[in-house]
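To start, the structure itself, in structure tokens.
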Amino acid sequence: MKWHHISSVNDIESIIDRSRVIPCLILKHSTRCPISTMAKSRVEMSWDFEEDQVEAYYLDLIAHREVSNYIADEFGIAHESPQALLIQDGKCIKHASHLNIRVAELVVA
């Protein structure tokens with residue numbers, strides 16, 4: 001699994017554009033939260049997609065809280081941590097938070 005790191009609002013705009021070509025999974029992760037660490041590990045262990053099926057993006061929300069807020073506003077999904085959002089055709093089509101984050105339920109390749 002290859003994580004693409006998110007560090008700016010411009011990255012989100014690029015993900016929106018990219019999602020018109022390939023589905024994009026955004027994981028909002030708190031580096032200070034054990035539940036978030038567990039959710040990230042579960043995503044990594046269950047990831048069985050090739051890079052041409054789904055792209056995975058990672059946001060450290062402690063370092064980039066303003067980007068997390070932008071994601072919430074842009075997609076109309078209340079902020080939670082950890083949180084995963086599947087972006088396709090410029091829209092969030094599925095999302096989950098905490099231990100409800102399951103790759104198999106979020107991503108349909």
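The values are calculated or read from the model by the stated rules, or taken from the named source; none is laboratory data. In this text the structure is predicted, and so the values were computed from the model without any measurement. Methodologically, a virtual Cβ is constructed for each residue, glycine included, from the backbone with ideal geometry; neighbour enumeration extends over all protein chains shown. When the accessible area is computed, the model is the full protein with side chains, heavy atoms only, and any ligands, DNA or RNA have been set aside. Shrake-Rupley method; radii C 1.70, N 1.55, O 1.52, S 1.80 Å.
Starting from the Cα of residue 5, step 7 Å along the direction of its Cβ; do the same at residue 94; then give the gap between the two resulting points in nm.
Simple spin-label model gives 2.8 nm for this pair.
Please work out how many pairs of lysine residues in the chain are eight or more positions apart (or on different chains) and have Cα atoms closer than 16 angstrom. Provide the component values of the computation, followed by the final result.
Working: 2/28; 2/40; 28/40; 28/94.
Lysine pair count for the chain: 4.
Putting +1 on Lys and Arg Cβ atoms and -1 on Asp and Glu Cβ atoms, find which of 34, 19, 56 reaches farthest to the positive end of the dipole of the chain.
34
Roughly speaking, what is the stretch gain from residue 105 to residue 51, that is 0.36 nm per residue apart minus the C-alpha to C-alpha distance, in nm to one decimal?
Working: separation 54, 0.36 × 54 = 19.44 nm, distance 1.83 nm.
Separation in residues times 0.36 nm, less the Cα-Cα distance, equals 17.6 nm.
Accessible area per residue of the chain at 1.4 Å probe, in Å²?
On the way: 5730 Å² over 109 residues.
Accessible area per residue, the chain: 53 Å².
What part of the accessible area of the chain, given as a whole %, is carbon or sulfur when the probe is 1.4 angstrom? Could the numbers behind the result be given before it?
Numbers: 2730 of 5730 Å².
Its accessible area is 48 percent carbon and sulfur atoms.
If you put +1 on each Lys and Arg Cβ and -1 on each Asp and Glu Cβ, how big is the dipole of the stretch 19-109 around its Cα centre, in Debye rounded to 20? Write down the numbers at each step before the final one.
Values: 9 positive and 13 negative charges, 73 e Å.
The dipole of the stretch 19-109 has a size of about 340 debye.
Whole angstrom only: what separates the Cα centroid of the stretch 6-39 from the Cα centroid of the stretch 73-107?
Between the Cα centre of the stretch 6-39 and that of the stretch 73-107, the gap is 9 Å.
Mean residue ellipticity at 222 nm from the helices of the chain, using -39,500 (n - 2.57) per DSSP H segment of n ≥ 4 over the full residue count, to the nearest 500 deg cm²/dmol?
Calculated mean residue ellipticity at 222 nm is -10000 deg cm²/dmol.
Starting from 0 in steps of 10 Å, tell me what percent of the Cα-Cα pairs of the stretch 1-71 lands in each bin.
20, 50, 29, 1
Normalising by the residue count of the chain, find the relative contact order in percent from Cα pairs under 8 Å and 6+ residues apart.
Working: 193 pairs, mean separation 39.6, N = 109.
RCO, the chain: 36 percent.
Give me Rg over Rh for the stretch 17-109, both radii from the alpha carbons and Rh done the Kirkwood way, two decimal places.
Working: Rg = 12.2 Å, Rh = 13.1 Å.
Reported Rg/Rh (Cα atoms, Kirkwood Rh): 0.93.
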